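J.: I have a structure here, written as structure tokens, and I will follow up with some questions on it.
The values are calculated or read from the model by the stated rules, or taken from the named source; none is laboratory data. Keep in mind it's a predicted model, so treat the numbers as computed, not measured. Using ideal geometry, Cβ is built from the backbone for each residue, glycine included, and neighbour counts are taken over all protein chains shown. These accessible areas exclude ligands, DNA and RNA; they are computed on the full protein's heavy atoms, side chains included. Shrake-Rupley method; radii C 1.70, N 1.55, O 1.52, S 1.80 Å.
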Amino acid sequence: CYGFDPRAFFEFAQKRFELIYDEHLVVEDEGGIICSARNVPLEQNLRGIWKRMGGIAMVASAPEKRRRGYIRELMRQFFEDMHKSKMVCSTLYPFKDTFYGSFGYVNCPAVIFGVVNPMQFKLWRNLPEGYHVERLTFDEGFQLFKEIHGQAIETIHGAARRPEKRWNEYEMRGRDWFAVVFNSKGKAEGIMAY
């Protein structure tokens, strides 16, 4: 349902599912699972105050079983579970704003995607004196990414703090590159995963 080649994605999906299966709810009928969704337990920065948050993700339904209320029931179950466990907010990336609007969701700032040729990084010459950009492999940059992310989210309204389990899931992919901005003392100040 997400456009991945199932054969190429299978091994990664199987390993990831072993890590995150307990965050899923499913609806089954006699033929097996007909829809599924995930609620990732996170903390969200709401104007400087950290609140427990449910990150609803991976919402999917078998095409032939759509429009029967199954996803609506999963969402209701998530809300009931979050209420019982004192999660006061939730965030999701919707496939259709109006569908989730009926649950009370409102739009956040848009996620921006861009296409960049990494060879152009060397042309970034207008940095402050002593600053430079380095391209790092996933293994070289992952810990820096965690550190910079952890510092940045302390000041960003709406940002989510990732638990170690979520970082482990991200690390499983291990395919990103990082562009890292270092200051004149060699300390990393900014990072971009691509």
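J.: Scan Leu19, Leu42 and give me the residue that is closer than 28 Å to Gly158 by Cβ, surrounded by fewer than 16 Cβ atoms within 10 Å (Cβ to Cβ) and aliphatic (A, V, I, L, M). Before you say what the answer is, go through the steps one by one.
T.: Working: Leu42 fails: surrounded by fewer than 16 Cβ atoms within 10 Å (Cβ to Cβ).
Matching residue, one of Leu19, Leu42: Leu19.
J.: In addition: List the number of the failed condition for Tyr100; all other conditions in (1) in a helix (DSSP H, G or I); (2) modelled with pLDDT of 75 or more; (3) farther than 30 Å from Asn183 by Cβ hold.
T.: Here Tyr100 meets the rest and fails (2).
J.: Among the numbered criteria (1) more than 22 Å from Gly190 (Cα to Cα); (2) modelled with pLDDT of 90 or more, which one does Glu134 miss?
T.: Single failed check for Glu134: (1).
J.: Return the residues of segment 5-58 that are aromatic (Phe, Trp, Tyr) and over 17 Å from the mean Cα position of the chain (by Cα); say none if nothing qualifies.
T.: The answer is Phe9, Phe10, Trp50.
J.: Also, I was wondering about something else. How about segment 1-89: which strands (runs of 3 or more DSSP E) wholly inside it have at least 1 residues that are of a type in the set (A, V, I, L, M), free of Cβ contacts under 8 Å to residues at least 40 places away in the same chain and more than 26 Å from Arg162 (Cα to Cα)?
T.: On the way: elements: 24-29, 32-46, 49-61.
In segment 1-89, 32-46 are the strands (runs of 3 or more DSSP E) which contain 1 or more residues that are of a type in the set (A, V, I, L, M), free of Cβ contacts under 8 Å to residues at least 40 places away in the same chain and more than 26 Å from Arg162 (Cα to Cα).
J.: Hey, another quick one. With the checklist (1) within 20 Å of the chain's Cα centre (by Cα); (2) part of a helix (DSSP H, G or I) in hand, flag the one item Met119 doesn't pass.
T.: Failing condition for Met119: (1).
J.: Sticking with this one: Sort out which residues of segment 138-152 are closer than 22 Å to Pro41 by Cβ and either touching a strand residue (DSSP E or B) at 6+ places or on another chain (Cβ under 6 Å) or basic (Lys, Arg) (or both), and write them in order of number.
T.: Result: Phe145, Lys146.
J.: For Val59, only one of the following conditions fails: (1) over 21 Å from Ala159 (Cβ atoms); (2) open to solvent by 60 Å² or more (accessible area, probe 1.4 Å); (3) at pLDDT 85 or above; (4) not aromatic (Phe, Trp, Tyr). What is its number?
T.: (2)
J.: Out of (1) of a type outside the set (Lys, Arg); (2) more than 27 Å from Lys51 (Cα to Cα); (3) touching a residue at least 60 places away in the same chain (Cβ under 8 Å), the odd one out for Phe138 is which?
T.: Unmet for Phe138, out of (1) of a type outside the set (Lys, Arg); (2) more than 27 Å from Lys51 (Cα to Cα); (3) touching a residue at least 60 places away in the same chain (Cβ under 8 Å): (3).
J.: Could you tell me whether any residue of segment 88-97 is open to solvent by less than 40 Å² (accessible area, probe 1.4 Å) and at pLDDT 85 or above? Reasoning before the result, please.
T.: In the first step, residues of segment 88-97 are kept if they are open to solvent by less than 40 Å² (accessible area, probe 1.4 Å); the result is 89-92.
Retained after the next criterion (residues that are at pLDDT 85 or above): none.
Checked segment 88-97: no residue is open to solvent by less than 40 Å² (accessible area, probe 1.4 Å) and at pLDDT 85 or above.
J.: So Phe79 passes all but one of these: (1) over 16 Å from Gly158 (Cα atoms); (2) open to solvent by 40 Å² or more (accessible area, probe 1.4 Å); (3) modelled with pLDDT under 85. Which condition number does it fail?
T.: With (1) over 16 Å from Gly158 (Cα atoms); (2) open to solvent by 40 Å² or more (accessible area, probe 1.4 Å); (3) modelled with pLDDT under 85 applied to Phe79, the lone miss is (3).
J.: Moving to a separate point now. Which of the residues spanning segment 123-180 are open to solvent by 90 Å² or more (accessible area, probe 1.4 Å) and in a loop (DSSP other than H, G, I, E, B)?
T.: The answer is Trp124, Arg125, Asn126, Glu129, His157, Arg175, Trp177.
J.: If only one of Lys84, Lys65, Lys51 is at pLDDT 85 or above, over 22 Å from Gly150 (Cα atoms), open to solvent by 30 Å² or more (accessible area, probe 1.4 Å) and not aromatic (Phe, Trp, Tyr), which one is it?
T.: On the way: Lys65 fails: at pLDDT 85 or above; Lys51 fails: over 22 Å from Gly150 (Cα atoms).
Unique residue meeting the criteria: Lys84.
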